[in-house]
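Remarks on the structure that follows.
Nothing in this text is a laboratory measurement; each read-out follows from the coordinates by a stated rule. Since the structure is predicted, the reported quantities are computational estimates derived from the model, not experimental observations. Methodologically, a virtual Cβ is constructed for each residue, glycine included, from the backbone with ideal geometry; neighbour enumeration extends over all protein chains shown.
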Amino acid sequence: MTPSAAVEIKGPMRDRFDEVLTTDAMEFLAGLHRRFDSRRLDLLAARRGRDAALAAGGSFDFLADTATVRDGEWRVGDPAPGLEDRRSEITGPTDAKMAINALNSGAKVWLADLEDANTPLWDNMVQGQVNLRDAVAGTLAFTSPEGKEYALGDDLATIVVRPRGWHLPEKHVLVDGEPMSGSLFDFGLYFFHCAKAQIERGSGPYFYLPKMESHLEARLWNDVFGYAQNQLGIPHGTVRATVLIETFPAAFEMEEILYELREHSAGLNAGRWDYMFSVIKCFRTRGRDFVLPDRNSVTMTVPFMRAYTELLVRTCHQRGAHAIGGMAAFIPSKDAAVNERAFAKVRDDKTREAGDGFDGSWVAHPGMVDLCTEVFTEVLGNRPDQRDRLREEVEVTADQLLDIASTPGSVTEDGLRGNISVGIQYLAAWLGGSGAVGINNLMEDAATAEISRSQVWQWLHTSVELADGQTVTADLVGRLVDEEVDAIRQRIGDDAFAAGRWSDARALFTEMALSDDYADFLTLPAYERMP
């Protein structure tokens with residue numbers, strides 16, 4: 001089907017897809033592509049240039065040519081309707097059941113995730129847009145195969161949509177013969193169909209922007225927002241965006257990113273799991289001083305992570321923006337002892353964030369919303385935020401952000417096995433269409449697989465010695481892959497193993513971990529394996 005002569009839709013048209021893939025919407029997407037895609041590709045090329053410079057011995061510092069921005073007197077816009085109070089936010093994909101549960105959860109914000117907690121199957125991406133449109137209209141409903149009915153309540157979270165990052169394509173939509181940007185596809189469809197409806201409901205078109213690496217990438221988003229608002233006759237500043245600071249380069253450009261988005265800015269978020277992945281990625285070839293220990297031992301209190309979050313809060317509050325904390329991945333368990341430990345860890349995590357000045361934080365499961373709300377309310381009381389807490393005592397240097405070597409902990413065989421097992425489990429689910437996956441009582445998303453395969457790659461290519469004296473080699477990794485996959489097979493049974501994408505997941509993880517060349521994002525070759 002070709003709703004617009006300029007646009008070719010390669011994916012199948014399912015029930016109700018024609019409601020969002022309309023001729024007018026496709027023409028709007030074509031306009032976005034023609035105006036902005038060449039800039040997007042240039043910025044991706046700039047990323048590759050920076051990566052090559054790092055591999056050759058370069059480093060990071062705050063930008064000299066934007067010092068006037070950091071020294072200037074400016075503030076972002078006041079919080080938009082529905083984003084004044086963000087003490088609890090819940091993340092999750094846009095399938096109908098999870099969307100309804102998230103909107104009804106009591107959280108102030110639902111991060112409607114078209115990115116890391118989702119997989120870019122064509123059906124997921126378009127059905128997600130149908131579900132978002134229904135959610136905005138208040139008509140979203142779902143009936144499970146068992147007959148249980150789900151419907152929207154009266155007190156709903158504010159919807160904030162996370163499109164895919166600039167690096168990801170949408171191969172099922174061609175504009176003038178070229179694949180669309182996944183970012184522009186996700187943003188454009190939601191904005192076209194829901195922006196005016198959200199405004200009529202007293203809210204607005206709000207977004208979380210992932211994976212950015214520079215203020216120039218934020219400038220591109222700001223220009224996209226300006227163009228989109230002009231095309232639909234919506235006042236400038238109506239769009240609001242919270243940027244995830246989840247790449248190491250972006251940590252050195254927080255102020256500049258806020259500045260580029262000024263009237264469209266809703267703050268910054270500490271995307272801590274992807275941030276850890278980005279640290280490994282940036283310094284993967286730089287020797288032992290940049291090798292992190294087992295991922296579960298890298299807490300938010302280690303020096304380089306502490307510097308990052310302290311700088312984020314100070315930066316946001318100095319500019320009048322919200323600072324939103326990282327995700328608590330724990331999910332409730334039927335095991336009372338496991339549950340008690342999980343709730344205690346989430347409480348400690350959110351207590352630290354609220355005490356540091358964050359204005360709210362993320363959870364991954366409705367069962368954790370009340371705890372997050374309670375902890376932040378203990379600090380905020382009836383106030384919507386603590387932006388007046390400027391954290392002027394905080395001074396973070398480039399050296400502190402770069403202090404990877406001070407991270408305590410060891411590299412162990414258990415850590416290596418954990419990365420292999422969890423990475424393969426997540427990939428099997430991802431290739432099967434699920435991006436939010438419960439593994440070992442944690443709700444994992446794509447960041448988990450990225451950290452897992454990146455650590456294995458770095459440990460192997462740095463010839464790291466494990467705590468027990470073994471050296472990480474290709475033979476060792478191969479043997480542990482065999483053992484961990486066999487353990488998964490035994491746990492789930494031969495039939496379930498044969499029915500899943502386990503062989504593909506194993507092959508992809510092994511390829512990414514053992515390859516001489518490091519792939520920038522695991523999701524790119526994984527996407528190629530999707531129909």
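Summing Cβ point charges (Lys, Arg +1; Asp, Glu -1) relative to the Cα centre of region 7-398 gives a dipole of roughly 620 debye. For PRO366, the shell of other residues with beta-carbons less than 14 Å away shows a net charge of -1, using +1 for Lys and Arg and -1 for Asp and Glu. Averaging the Cα positions of each part gives two centres, and for region 426-493 and region 45-74 these lie 33 Å apart. To the nearest Å, what is the center-to-center distance of region 142-175 and region 116-133, using C-alpha atoms only? After rounding, the separation between the Cα centres reads 5 Å. The lysine pair count for the chain, using Cα distances under 16 Å and pairs eight or more places apart or on different chains, is 4.
Under a 5 Å amide H cut-off, with hydrogens placed 1.01 Å from N, LEU209 pairs with THR242, VAL243, LEU244 among residues at least 5 apart or on other chains. Taking a ≥ b ≥ c as the square roots of the eigenvalues of the Cα gyration tensor, an a/c ratio of 1.5 or more together with a/b larger than b/c marks region 155-308 as prolate. State whether region 1-77 is rounded, prolate or oblate according to the following rule on the C-alpha gyration tensor (a ≥ b ≥ c being the square roots of its eigenvalues): a/c under 1.5 gives rounded; otherwise a/b larger than b/c gives prolate, and the remaining case gives oblate. Prolate shape, in that a/c is at least 1.5 and a/b is the bigger ratio. Taking amide H positions as modeled 1.01 Å from N, with prolines and chain starts lacking one, the residues under 5 Å from MET443 and 5 or more places away or on another chain are PHE330, ILE331.
Candidates MET98, GLY233, PRO79 compared by Cα position along the dipole of region 7-398: farthest toward the positive end lies MET98, with charges placed on Cβ. Only residues of region 20-46 count here: report those whose backbone N is under 18 Å from the spot 7 Å along Cα→Cβ of ASN230, or say none. Counting backbone N atoms under 18 Å from the label point, the list is 27-40.
A protection proxy built from the mean count of other Cβ atoms within 10 Å ranks the segments 447-454, 522-529, most packed first, as 447-454, 522-529. For region 94-153, GluC sites (Glu not before Pro) are listed when DSSP marks them as loop and at most 12 other Cβ atoms sit within 10 Å of their Cβ; the list is GLU146.
A simple rule links phi to the HN-Hα coupling: the Karplus curve 6.51 cos²θ - 1.76 cosθ + 1.60 with θ = phi - 60°, which for region 154-168 gives 8, 9, 9, 5, 6, 7, 10, 8, 9, x, 5, x, 4, 7, 9 Hz, with x for Gly and Pro.
Look at the dipole of region 413-528 built from charges on Cβ: of GLY423, TYR518, TRP457, the Cα furthest out on the positive end belongs to GLY423.
The trypsin sites (Lys or Arg not before Pro) of region 72-127 that meet both conditions, a loop assignment by DSSP and at most 16 other Cβ atoms within 10 Å of the site Cβ, are ARG75. When the trypsin sites (Lys or Arg not before Pro) in region 322-390 are filtered for DSSP coil states and for at most 11 other beta-carbon atoms within 10 Å of their beta-carbon, the remaining sites are LYS334. Once you have a ≥ b ≥ c as the square roots of the Cα gyration tensor eigenvalues for the chain, tell me rounded if a/c is under 1.5, and otherwise prolate or oblate according to whether a/b is larger than b/c. In terms of gyration-tensor shape, rounded. For region 413-528, a crude dipole built from +1 on the beta carbon of Lys and Arg and -1 on the beta carbon of Asp and Glu, taken about the Cα centre, is about 260 debye to the nearest 20.
The fewest-to-most ranking of CYS372, CYS282 by surrounding Cβ atoms within 10 Å reads CYS282, CYS372. Amide H contacts under 5 Å for VAL363: GLU89, ILE90, THR91, ALA328, restricted to partners 5 or more places along the chain or on a different chain, H placed in the peptide plane at 1.01 Å from N. The alpha carbon centroids of region 386-407 and region 223-250 are separated by 27 Å.
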